[in-house]
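The values are calculated or read from the model by the stated rules, or taken from the named source; none is laboratory data. Please read all numbers here as calculations on a predicted model, not as lab measurements. Cβ: placed from backbone, ideal geometry, glycine included. Neighbour counts: every protein chain shown. Only protein heavy atoms, including side chains, enter the accessible area calculation; ligands, DNA and RNA are left aside. Shrake-Rupley method; radii C 1.70, N 1.55, O 1.52, S 1.80 Å.
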Amino acid sequence: MKVKKYIAPSMNEAMNKVRVDLGDEAVILNSKLVYSGGFLGLFKKKNIEVIAAVDPNTVKTPIEAKGRLEQVERQPKKAFDSIQPIPEKTSIMEKEMEELKNMILKLSSQSMPEMNQYPEDIRIILSHLYTQEIEGQIVSELGEVLLHKWRETKDPVTREQINAWTQTKLLEEISSVEFGGISYTKKFINVIGPTGVGKTTTLAKIAANAVLNNRKKIAFITTDTYRIAAIEQLKTYGNLLNVPVEVVYKLADFKQAVEKFKEYDLIFIDTAGRNYQDEKYVKELREVIDFDSQMETFLVLTMTAKQRDLENMINQFKAIPIDKFIFTKLDETSSYGMMINLIKKYEIGGAYLTMGQDVPDDIVEADQNKIIDYVIKGNQP
């Protein structure tokens with residue numbers, strides 16, 4: 001059985017694509033209205049999405065196949081139409097199609113709220129937040145809030161009002177945690193995370209801001225002895241900022257480095273990027289670094305990863321006290337809802353957002369409004 005998805009400006013054009021690609025024996029599993037493009041998450045273009053399938057071993061007469069496709073074309077073109085039943089379930093293929101149809105309906109009901117109950121302008125913002133990968137429960141609760149406010153408002157509701165209501169509700173979701181960069185109340189700044197998330201570059205950006213803008217006397221300690229390139233990279237940043245770099249291999253080395261830098265205002269610690277799924281890696285961190293009350297620890301999360309992978313990583317690092325998240329590589333994605341999902345789920349705030357490789361640029365302190373701006377606008381603010 002071959003299953004494919006088609007998107008076209010109209011149902012007729014979608015049907016033509018199905019005929020050309022799958023032939024007249026194709027069966028339509030689902031058809032619905034979808035949105036694409038737009039500006040700031042609004043004014044999106046409407047298209048028809050059709051899911052079709054064909055069994056190469058099943059042959060239909062031209063009249064039967066034509067009648068089935070014409071029946072689909074005459075169906076109402078409403079947003080999120082329910083899947084139409086397959087008539088005369090007399091073959092194995094039709095039974096399989098029915099099972100697949102029920103599975104699609106089940107998944108759709110779990111992941112996205114029913115949209116037909118909302119006015120069009122509310123559907124637009126809810127659909128946008130869904131594409132931003134905001135958790136379905138949050139989108140559903142927001143929909144109820146927006147619908148209630150819509151009904152309470154006597155004057156015509158504008159899209160600007162809907163956006164404002166949306167921002168207020170999302171702010172409530174992440175208002176219980178603290179945001180912002182290093183506090184300058186603790187001496188040690190520790191940055192942890194798996195390989196490839198941009199830890200060393202992010203650490204250098206934060207350190208450069210402390211030196212250039214806050215006139216702090218700083219030093220670097222690196223525990224990343226697994227990659228020579230990482231040590232050289234940090235030493236390069238150290239030379240540019242005119243700050244010392246100490247390489248440590250075990251806890252005794254770390255304590256010696258701390259004693260050596262006791263007159264410094266801040267000590268930035270760069271950790272090794274390892275496979276976060278390996279529990280041994282987290283244990284090694286505790287064997288090398290003395291986590292105490294004078295340390296701020298930031299977990300670096302890349303926005304190009306899947307949320308499930310990020311959650312696994314956060315759970316793996318639970319043995320280490322994490323103060324805040326740093327979200328990196330925002331310039332390499334167009335979906336930002338994971339930031340709200342993770343902050344809400346783990347009740348850990350954001351420290352920084354990074355969006356490039358330039359040091360000391362391409363980094364901003366995180367706050368609730370910046371994160372929500374990314375989500376609502378769907379691009380870089």
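Before moving on, here are some points about what is shown:
- Pick from the range 235-259, criterion of a type in the set (Phe, Trp, Tyr) and in a helix (DSSP H, G or I), ranking: surrounded by the fewest Cβ atoms within 10 Å (Cβ to Cβ): Phe254
- Ile372, sole failed condition from (1) open to solvent by 10 Å² or more (accessible area, probe 1.4 Å); (2) within 13 Å of the chain's Cα centre (by Cα): (1)
- So Ile134, is it in contact with a Gly (Cβ under 7 Å, 6 or more places away or on another chain) and without any contact (Cβ under 8 Å) to a residue 60 or more places away in the chain: no
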